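Here the structure comes first, spelled out in structure tokens, and everything after it is commentary.
The values are calculated or read from the model by the stated rules, or taken from the named source; none is laboratory data. Note that this is a predicted model, so its numbers are computed, not measured. When we count neighbours, we look across all protein chains shown, and the Cβ atoms used for this are built from the backbone with ideal geometry, even at glycine.
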Amino acid sequence: MGGSLSRFVSKLTADQRIRFLAVGGVNTVVGYLIYAVLAQWVFQNVFLGYLISLAISYAISITLAFVLYRRFVFVVKGNVFVDFLRFVSVYAVSILANAVALPFLVEVFGMNPLIAQAIVLVVTTIISFLGHKHFSFRRAAPADPARRAASADGGLGSTDPSQ
């Protein structure tokens with residue numbers, strides 16, 4: 001039983017989409033807890049303290065998400081600064097899509113805000129995954145060894161007389 005559970009978990013974690021959702025779930029819980037602590041205890045008696053708490057929790061959550069996605073989901077190396085700028089831009093697109101779609105569904109279609117946000121959440125999660133996969137953490141595909149060899153000798157084939 002332990003072996004089959006281990007294989008199941010291993011198979012699940014091999015799927016990038018599952019890792020993306022798991023990291024996103026963890027990050028959402030951490031971000032919400034940070035927001036709650038800041039709003040309830042740190043900025044409770046401060047004018048617009050809830051918004052200050054939101055801004056700080058977003059900054060921490062986005063940074064944490066970047067580190068976790070980069071390390072555990074997309075597993076890339078390279079220019080951290082460029083990756084981070086791209087990452088934040090994908091987040092901005094998701095937030096903008098959310099800010100446009102939610103009032104549209106609520107005000108134009110008369111949808112319940114909780115149901116509307118659930119629908120938007122699915123869409124923005126897909127936007128986020130695709131954006132991070134194909135933009136934030138995109139890397140050039142590794143060159144085909146045969147193509148690399150052909151370009152190294154001008155595409156003429158091997159000049160080694162032993163072949």
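Only one of the numbered conditions (1) surrounded by 12 or more Cβ atoms within 10 Å (Cβ to Cβ); (2) modelled with pLDDT of 90 or more is not met by Asn45, and that is (1).
Across the range 1-42, the number of residues qualifying as modelled with pLDDT under 85 and either in contact with a Ser or Thr (Cβ under 9 Å, 6 or more places away or on another chain) or among the hydrophobic types (A, V, I, L, M, F, W, C) (or both) comes to 5.
Looking at the range 62-74, can you tell me whether even one residue there is hydroxyl-bearing (Ser, Thr, Tyr), out of contact with any strand residue (DSSP E or B) (no Cβ under 9 Å at 6 or more places or on another chain) and under 12 Å from Phe137 (Cα atoms)? Checking the range 62-74: at least one residue is hydroxyl-bearing (Ser, Thr, Tyr), out of contact with any strand residue (DSSP E or B) (no Cβ under 9 Å at 6 or more places or on another chain) and under 12 Å from Phe137 (Cα atoms). Would you confirm, using the coordinates I've provided, whether Tyr58 is farther than 27 Å from Phe129 by Cα and hydroxyl-bearing (Ser, Thr, Tyr)? Spelling it out, it is not the case that Tyr58 is farther than 27 Å from Phe129 by Cα and hydroxyl-bearing (Ser, Thr, Tyr). Residue count for the range 62-73, restricted to those that are surrounded by fewer than 20 Cβ atoms within 10 Å (Cβ to Cβ) and modelled with pLDDT under 95: 3. Do we find a residue being under 16 Å from Thr28 (Cα atoms) and modelled with pLDDT under 90 anywhere in the range 106-119? Yes, the range 106-119 has at least one match.
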